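Novice: Below: one structure in structure tokens.
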Amino acid sequence: MNIIIAENSGFCNGVKLSVKKAYESLKNNKDAYSLGPIVHNPQQVKELEDLGLSVISEKEVSDIKDSTIVTRAHGVKEEVKKDIVNNNNILIDATCPVLLNIYKTIQNYEKKGYKVIIVGDCNHPEIIAMASFANNSIIINDEKQAKNIMNASKLFVVSQTTNRFEHFNNIAKIIEENNKDVVVKNTICNATKDRQKSCKDLSKRVDCMIVVGGFNSSNTNKLYQIANTYCKNVFRIETVKDLPLQKLSKFYTIGIIAGASTPDKIIEEVVSRMDNLTNEEFMNSIEDSMKKIYPRDIVKGSVINVKDDEIFVDIQYRADGIVKLDEMTDEQKEDPKAHFNVGDEVDVYVIKLDDGEGNVSLSTRRVEGMKNWQKLLEEFDNNETIEAKITGYNKGGLTCQVHGINGFIPASHIATYYVKNFKKFVGETWQLQILSVDERKRRLVLSRKDVIEEKLEEQWDKLEEGQDITGKVARLTDFGAFVEIGDLDGLLHVSDISWNRISKPSDVLNVGDEIEVKILKLNKEKNRISLGLKQLQERPFEKYCNEHEIGETVKGKVVNLLNFGAFVELAEGVEGLIHVSEISWLHVEKPSDELNIGDEVEVKILSIDKEEQRIGLSIKALKPEPKRPERKPRKKVNRPKRTVEKKQDDSFGDEDLHNNLGLFIEQQLEANKNEEE
């Protein structure tokens with residue numbers, strides 16, 4: 001085995017200087033802070049943290065006072081530096097000197113009237129810091145974005161220091177072609193360019209390339225991309241522990257290159273590990289490191305490459321594993337690159353050892369499924385209640401999903417009562433009890449009724465007559481509505497729905513309505529609950545009486561006519577009586593002589609009897625009493641005086657009585673005649 005180390009590899013001068021300043025900050029300070037990781041290498045950062053250099057974010061800077069703060073090699077915003085000093089901190093600026101020169105160049109060109117275009121990753125700390133030194137810069141990172149910049153003038157184009165030269169050059173050319181007075185400044189670090197050139201040259205000469213560096217390091221990622229372009233076999237590692245010894249055994253010439261943020265110590269460990277092994281030791285190491293795997297095993301692996309439709313996983317076997325899109329979970333399928341990163345440790349299910357192309361066929365979806373079946377078995381053994389979402393229905397019951405596994409709820413286990421309409425439950429989430437689970441047959445049977453029955457006793461204890469409670473209308477009949485109160489059902493009779501007359505419950509209620517009701521009666525033995533809705537509403541008669549008073553004029557509609565009076569509807573459910581004597585000032589024989597059913601009338605309230613719920617009304621009270629016609633005075637009649645001789649015995653005989661009566665009649669006739677004249 002021939003091992004070749006790239007001519008330019010490991011720490012660049014800027015990183016060396018930053019790390020040196022970080023160590024110096026700890027000499028005279030027990031506690032010091034690093035504003036962001038000094039470099040993108042977790043091993044180096046951890047070593048400094050162990051010595052007392054704590055990593056903080058920009059948001060935490062304002063809370064640090066009277067301390068020592070070292071800035072990262074990638075630089076920080078200018079305003080952040082000012083905040084550090086203003087809080088009476090010692091600022092040690094470990095920004096790479098190359099970046100400090102770029103900041104000055106940007107400011108000089110802005111003074112000349114140029115607009116700054118930065119080519120790089122807008123989320124990278126180097127670019128964020130660089131943009132803060134320009135008043136109004138534009139950050140782009142691909143050719144499509146470059147084509148959107150057109151017909152502008154006086155543009156100054158700079159690059160992220162770790163960019164590939166070809167990438168930056170192509171973008172710069174597009175900007176030059178579409179705009180006027182464009183100045184392009186190649187600000188790619190010389191150390192980066194040297195390492196990229198060394199990587200390109202070495203990749204062409206070897207059978208295999210090993211790229212060493214932090215998985216989150218931008219410059220190391222660029223080296224990995226270049227190596228893949230010129231070499232078929234490339235392995236990305238962070239430390240010596242990641243070396244795929246069993247795969248390296250088949251290569252004769254192996255090249256090693258490290259990113260600019262990779263410490264020399266790590267590079268030396270990798271080289272030493274490979275260089276000091278004899279062939280026998282090497283084969284023994286390979287044998288020890290290789291895992292014996294079989295189909296249906298679940299093994300751990302490390303992600304070595306991520307594509308749009310598949311990921312490659314190192315499972316410490318003689319061949320790499322591959323997870324195709326259809327073997328990922330639903331979430332992972334949407335965007336594999338968002339769920340997997342190079343270096344991630346993942347659990348995978350072994351489908352078969354050779355997929356026909358020399359790779360081990362793996363699955364992440366089946367791992368989750370097997371784990372979930374195991375979880376279900378544990379929950380079944382522990383008699384636990386689980387949560388499931390109802391996904392569909394058939395003649396026999398409901399289908400559901402638990403932990404991503406399909407289950408079934410028989411019709412007899414849906415509720416404590418007979419259920420006819422299954423469709424209404426689809427989409428709901430229920431608490432269920434496992435009746436049986438069979439992983440081999442992929443069968444899961446559950447019950448909701450068992451869960452409900454366990455809760456019924458507890459719920460009954462919480463209910464009492466007269467209590468106001470919220471329920472959900474479950475179903476409607478002609479005689480009433482059944483209302484769900486938790487897992488119990490109560491009956492709201494049609495007569496207790498409203499104080500007004502309704503023909504059927506569906507006139508005022510709908511299935512699914514949430515309503516507040518009053519518990520009228522409880523019968524635990526017969527499992528019956530009587531409910532009332534109108535009992536929570538004010539009686540129409542009481543409401544009307546509270547809003548009106550005696551003597552007030554109101555309007556109403558005649559709804560009934562009887563011999564003694566007319567009934568008038570004043571409001572819904574409220575009637576008053578106009579007695580026949582109160583219809584008119586004139587004599588009315590019966591109400592129908594003056595009124596008709598349906599007539600709108602204006603009446604005056606004469607009386608209100610709340611106990612008997614009676615209201616006395618009057619129409620004639622709203623009209624003036626008519627004047628009676630004047631009677632003519634009678635003429636005075638002078639009648640002749642009569643004298644009657646009394647007999648001595650003071651008595652009349654028959655003849656006298658006849659004569660006197662005749663005389664009286666004659667006088668009366670004469671008087672009437674005089675009156676007529």
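The values are calculated or read from the model by the stated rules, or taken from the named source; none is laboratory data. Note that the coordinates shown come from a computational prediction; the quantities given were computed from them, not determined experimentally. A quick note on method: Cβ atoms are made from the backbone with ideal geometry, for glycine too, and the neighbour counts reach across all protein chains shown. The protein model used for the area step is the full one, side chains on, heavy atoms only, and it has no ligands, DNA or RNA in it. Shrake-Rupley method; radii C 1.70, N 1.55, O 1.52, S 1.80 Å.
Novice: Which loop trypsin sites (Lys or Arg not before Pro) in segment 24-101, with loop taken from DSSP, have no more than 11 other Cβ atoms within 10 angstrom of their Cβ?
Specialist: Of the trypsin sites (Lys or Arg not before Pro), the ones in loops of segment 24-101 whose Cβ has at most 11 other Cβ atoms within 10 Å are Lys27, Lys30, Lys65.
Novice: In whole Å, how far is the Cα centre of segment 137-159 from that of segment 1-52?
Specialist: 34
Novice: Output wanted: per-residue J couplings in Hz (rounded whole) for segment 71-77, from phi through Karplus 6.51 cos²θ - 1.76 cosθ + 1.60, θ = phi - 60°, x for Gly and Pro.
Specialist: 7, 6, 5, 6, x, 9, 5
Novice: Just to be sure I understand the model, the point goes 7 Å from the Cα along the line to the Cβ. What's the resulting Asn190 to Lys232 distance in nm?
Specialist: 3.8
Novice: Okay, moving on. Taking only the C-alpha atoms, wrap a convex hull around the chain and report its volume per residue in Å³ as a whole number.
Specialist: So the per-residue hull volume is 437 Å³.
Novice: What ranking do 476-487, 5-16 get when scored by the average of other Cβ atoms within 10 Å per residue, highest first?
Specialist: 5-16, 476-487
Novice: Take every Cα-Cα pair in segment 363-491 and report what % of them are more than 26 Å apart.
Specialist: The proportion of pairs with Cα distances above 26 Å equals 30 percent.
Novice: List the residues whose amide H sits under 5 Å from the amide H of Arg614, counting only those 5 or more places along or on another chain, with H placed 1.01 Å from N in the peptide plane.
Specialist: Hits under the 5 Å cutoff: Asp609.
Novice: Further, regarding this structure: Long-range amide H contacts for Ile4: which residues qualify at under 5 Å (H placed 1.01 Å from N, peptide plane, sequence gap of 5 or more or a different chain)?
Specialist: Ile254, Gly255, Ile256
Novice: Follow-up. Would you mind getting the accessible area per residue of the chain, heavy atoms of the protein chains only, 1.4 Å probe, in Å²?
Specialist: Ligands and nucleic acids excluded, the figure is 58 Å² per residue.
Novice: Further, regarding this structure: Subtract the Cα-Cα distance of Glu454 and Asp121 from 0.36 nm times their separation in residues, and report this length gain in nm to one decimal.
Specialist: 114.0 nm
Novice: Between segment 595-620 and segment 208-268, how many Å separate their Cα centres?
Specialist: 100
Novice: On the full set of protein chains, 1.4 Å probe, figure out the accessible area of Tyr252 and give it in Å² to the nearest 10.
Specialist: Around 150 Å² of this residue is reachable by solvent.
Novice: Suppose only helical runs count, i.e. DSSP H with n ≥ 4. What mean residue ellipticity at 222 nm does that imply for the chain under -39500 (n - 2.57) per run, divided by all residues and rounded to the nearest 500 deg cm²/dmol?
Specialist: Per the formula, -9000 deg cm²/dmol.
Novice: Output wanted: per-residue J couplings in Hz (rounded whole) for segment 399-411, from phi through Karplus 6.51 cos²θ - 1.76 cosθ + 1.60, θ = phi - 60°, x for Gly and Pro.
Specialist: Values per residue, Gly and Pro as x: 9, 8, 9, 10, 6, x, 10, 6, x, 9, 10, x, 4 Hz.
Novice: Can you tell me how much longer the chain between Ser412 and Asn87 gets when fully stretched, taken as 0.36 nm per residue apart minus their C-alpha distance, in nm with one decimal?
Specialist: Length gained, Ser412 through Asn87: 109.9 nm.
Novice: Right, something else. For segment 520-594 and segment 383-435, what is the separation of their Cα centres, given in Å?
Specialist: Centre-to-centre distance over Cα atoms comes out at 50 Å.
Novice: Between Asn596 and Leu435, what is the label-to-label distance in nm when each label sits 7 Å out along the Cα-to-Cβ direction?
Specialist: Label at Asn596, label at Leu435, 6.7 nm between them.
Novice: Now for a separate question. Taking 8 Å as the Cα distance limit and 6 or more residues as the minimum spacing, I'd like the relative contact order of the chain as a percentage.
Specialist: 6
Novice: Over 28 Å between Cα atoms, which of Lys504/Lys526; Lys144/Lys204; Lys20/Lys193; Lys197/Lys324; Lys115/Lys193 qualify?
Specialist: Lys144/Lys204; Lys197/Lys324
Novice: Considering only the chain, what is the antiparallel percent among its DSSP beta bridges, to the nearest 5?
Specialist: 65
Novice: Now, a different point. Taking the dipole about the Cα centre of the chain, with the C-beta of Lys and Arg at +1 and of Asp and Glu at -1, give me whichever of Thr553, Leu202, Gly576 is farthest to the positive side.
Specialist: Farthest along the dipole direction, towards plus: Leu202.
Novice: Which stretch or stretches of segment 301-345 have amide N atoms under 17 Å from the point lying 7 Å from Arg273's Cα along the Cα→Cβ direction?
Specialist: Counting only backbone N, you get 301-304, 314-318, 343-345.
Novice: How about segment 466-559: which trypsin sites (Lys or Arg not before Pro) there are in a DSSP loop, with at most 14 other Cβ atoms within 10 Å of their Cβ?
Specialist: Those that pass, being in a loop and sparsely packed, are Arg501, Lys524, Lys526.
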